[in-house]
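Shown next, in C-alpha cells, is the structure this report addresses.
Derivation of every value follows stated rules applied to the coordinates shown; laboratory data play no part. On a predicted model such as this, the values are computed, not experimentally measured, just so you know. Using ideal geometry, Cβ is built from the backbone for each residue, glycine included, and neighbour counts are taken over all protein chains shown.
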Amino acid sequence: MAKIVMYKKNPCPYCDRAKNLLDGKGAKYEVIDLTDKPEELQALKEKTGWMTVPMIFINDQLIGGYSDMKALDDEGKLDALIG
C-alpha cells in the first residue's frame, strides 16, 4: 500500500471530494487538518509551490489537489499509484 497524506482545512468541499474518492477505493490515508494552523499551511505552500487545499501526497510525492487526483483516476493511473 502507498503512503497517502492529505493536508486540508475547513471548510473545503474539494477536500471532502478527495476523501470520498479515496474512501471509494478503500485506500488508507492520513488527513492532516491545518484549519487552525495558518503558519504550517503557509510553510507548506512555500515548500511545495501549491497554493490550495487539499494537498495530496502519495509516497511523499505531491500529486496535487482533488482535480489532479480525479484526472489520474479518470486516466486509470490512480489505482497503480495507491495500490
Relative to the first principal axis of the alpha-carbon coordinates of the chain, what is the inclination of helix 38-48, with its axis defined by its Cα atoms, in degrees from 0 to 90 and to the nearest 10?
50
Residues listed by number, the stretch 1-19, amide nitrogen under 12 Å from E30 label point at 7 Å toward C-beta:
3-7
Which far-off residues, 5 or more places away or on another chain, put their amide H under 5 Å from the one on I32, with H placed in the peptide plane?
M6, Y7, K8
Using only DSSP helix segments of four residues or longer, with each worth -39500 (n - 2.57), what per-residue ellipticity at 222 nm results for the chain after dividing by its residue count and rounding to 500?
-12500 deg cm²/dmol
Under 18 Å from the Cα of K25, which aspartates and glutamates turn up, not counting those fewer than eight places away in the same chain?
D16, D68, D73, D74, E75, D79
Less than 17 Å apart at the alpha-carbon level, and either on another chain or at least 8 residues along: which lysines does that give for K9?
K19, K37, K45
Across the alpha-carbon set of the chain, Rg over Rh with Rh taken as the Kirkwood radius works out to 0.95
